[in-house]
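I have placed the structure first, in the form of structure tokens, so that the comments after it can refer back to it.
Computed from the coordinates by the stated procedures, all read-outs in this text should not be read as laboratory data. Please read these numbers as outputs of a predicted model, since none were measured by experiment. All Cβ positions, glycine included, derive from the backbone under ideal geometry; neighbour counts span all protein chains shown.
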Amino acid sequence: MVHIGVIGCGVISKIYFQNLTTVMKNVQVIACADLVEEKAKTAAETYGIPKVCSVDELLSDPDVDLVLNLTIPKAHYSICKAALLAGKSVHVEKPLSVTREEGAELVALAKEKGLFLGGAPDTFLGAGNQTCRKLIDDGWIGQPVAAAVNMIGHGHERWHPDPAFYYQVGGGPVFDMGPYYLTGLVNLLGPVKAVTAEAKTTFAQRTITSEPKFGTLIDVEIPTHVNGILRFDSGATASLTMSFDVWSATQPRFEVYGTEGSLQVPDPNIFGGEVLVRRHDQKEWTVVPYTHGYSDNSRGLGVADMARCIADGRPQGSNRCSGELAYHVLDVMHALHDAAAQGRRVTLESTVARPRPMSTMLLAGTVD
Ligand SMILES: NC(=O)c1ccc[n+]([C@@H]2O[C@H](COP(=O)([O-])OP(=O)(O)OC[C@H]3O[C@@H](n4cnc5c(N)ncnc54)[C@H](O)[C@@H]3O)[C@@H](O)[C@H]2O)c1
């Protein structure tokens, strides 16, 4: 059993606590901490976590094997670094860090210490995206030629209780939602080679209309509408739109086009969703039944995957949601912003192998 300490007990922590305490069989959450102690106390009471403590106490607790970092983007790097320096493996919510330099330092530090580093998303390990991976790998659409991904919406200030971070450096549609789409693309098509893009910030300020901060203005620090073109090592290309500026749209969310057919990939922000394929000789799209498990909201699956690696003594970096994968995605996100700001094609310096596919016949609550 791998012992987990959770740092950051906000909105997204609920589904992690839920899954890690009731679904995943190879982990035990033994401690939680938050800057706001009350939040950690509430989480501990709700999910039966035995220990509430400060961040420093959690990091120096010899019983904690793996730190789950669910703080806001600006705190990701410092908490991950402190965890690695304290000898703990660490899995962090997305993005891995704000800057490339911080991300690269975390990857190098984990390697040097022989510890695991991992990052969200883990949605690509779910039934929908793993079924798509199998369809592509088994040749159902032939050789992938191109993909289209579109995440188009109007931001988070109407529902999130504390949405300022979505408009600060480390937030925005590319850094907030890009990890799902870009990790999904890398899982299906392999690493990205080069990027071009255009970007804009349509609204200089946002007004919070959720409670408890209703009426508060947020200054927008980042691009909120980005159009990009990606070139993959494989030769495939993809068009991408990431927007917090659009009220409604009808663009496909995620499609992959191959030499022999096309694939509709479900929303990479969820574990399930409908998978549809249409080969060149088919008159209509066909719904494909899942080949894999985990179609419910299984956030924490990537943590359980890391825990399996730790328990089995597998090599550093062999977790599917690896630091290297999270870093490559961070590099692509920066490349999109850089390409737009500098008006040039940016060639990626990082690369990564596609993560191992999940097994098709897993018992609920287990990972292979
Ligand atoms: N809210 C969502 O739907 C959602 C979905 C997927 C991923 N995420 C990601 O999860 C992360 C957290 O998002 P959230 O919505 O839960 O935010 P949140 O603001 O609700 O929660 C973050 C928590 O971290 C705590 N915190 C911040 N800095 C800290 C520090 N240095 N030490 C200890 N605690 C600290 C805060 O007090 C807060 O309780 C973000 O990276 C976000 O991108 C959020």
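Brief remarks on what is shown
- Compared with the alpha-carbon gap, the fully stretched path from Asp162 to Arg279 is longer by 37.6 nm at 0.36 nm per residue.
- Relative to the current alpha-carbon distance between Asn297 and Arg345, full extension at 0.36 nm per residue lengthens the span by 13.6 nm.
- Gly5 sits among other residues whose Cβ lies under 13 Å from its own Cβ, and their net charge, with Lys and Arg +1 and Asp and Glu -1, is -4.
- Among Leu125, Leu84, Leu348, residue whose mean-square fluctuation peaks in a GNM of the chain (springs only between Cα atoms under 10 Å): Leu348
- Cβ-defined net charge surrounding Leu59, 15 Å radius [Lys, Arg +1; Asp, Glu -1]: -2
- The shape of segment 1-66 comes out oblate: with a ≥ b ≥ c from the C-alpha gyration tensor, a/c is at least 1.5 while a/b does not beat b/c.
- Placing R0 at 41 angstrom, the Cβ-Cβ distance between Ala364 and Thr250 gives a FRET efficiency of 0.70 after rounding to 0.05.
- Of His280, His156, His328, the one that fluctuates the most in a GNM where the chain has Cα springs shorter than 10 Å: His280
- Ala340 sits among other residues whose Cβ lies under 10 Å from its own Cβ, and their net charge, with Lys and Arg +1 and Asp and Glu -1, is 0.
- Distance between the modelled labels on Glu260 and Arg356, one decimal in nanometres: 2.7 nm (7 Å Cα→Cβ projection).
- Put simply, the chain fits an ellipsoid with semi-axes of 31, 25, 20 Å; these come from the alpha carbon gyration tensor as the roots of five times its eigenvalues, largest first.
- Linear extension gain, Val145 paired with Lys111, 0.36 nm per residue minus alpha-carbon span: 8.8 nm
- Residue-averaged 222 nm ellipticity for the chain, from DSSP H runs of 4+ at -39500 (n - 2.57), nearest 500: -9500 deg cm²/dmol
- Taking packing as the residue-averaged number of other Cβ atoms within 10 angstrom, the listed peptides 194-206, 216-228 run from highest to lowest as 216-228, 194-206.
- Range of Cα positions in segment 289-347 per principal axis (Å), largest first: 45, 33, 17
- The chain: most fluctuating residue of Val29, Val192, Val287 per GNM, C-alpha cutoff 10 Å: Val287
- Within segment 1-45: backbone nitrogen closer than 18 Å to the Asp312 label point (7 Å, Cα to C-beta): 1-3, 24-28
- Three-way shape call for segment 259-368 based on the alpha-carbon gyration tensor, with the a/c threshold at 1.5: oblate
- Base-10 log of normalised Debye intensity for segment 99-167 (one unit scatterer per alpha-carbon) at q = 0.15 Å⁻¹: -0.96
- Set against the 2.2 N^0.38 Å expectation for a compact globular protein, segment 124-287 has a Cα radius of gyration ratio of 1.13.
- Positive-end residue of Phe17, Ser60, Met361, charge dipole of the chain with Cβ unit charges: Met361
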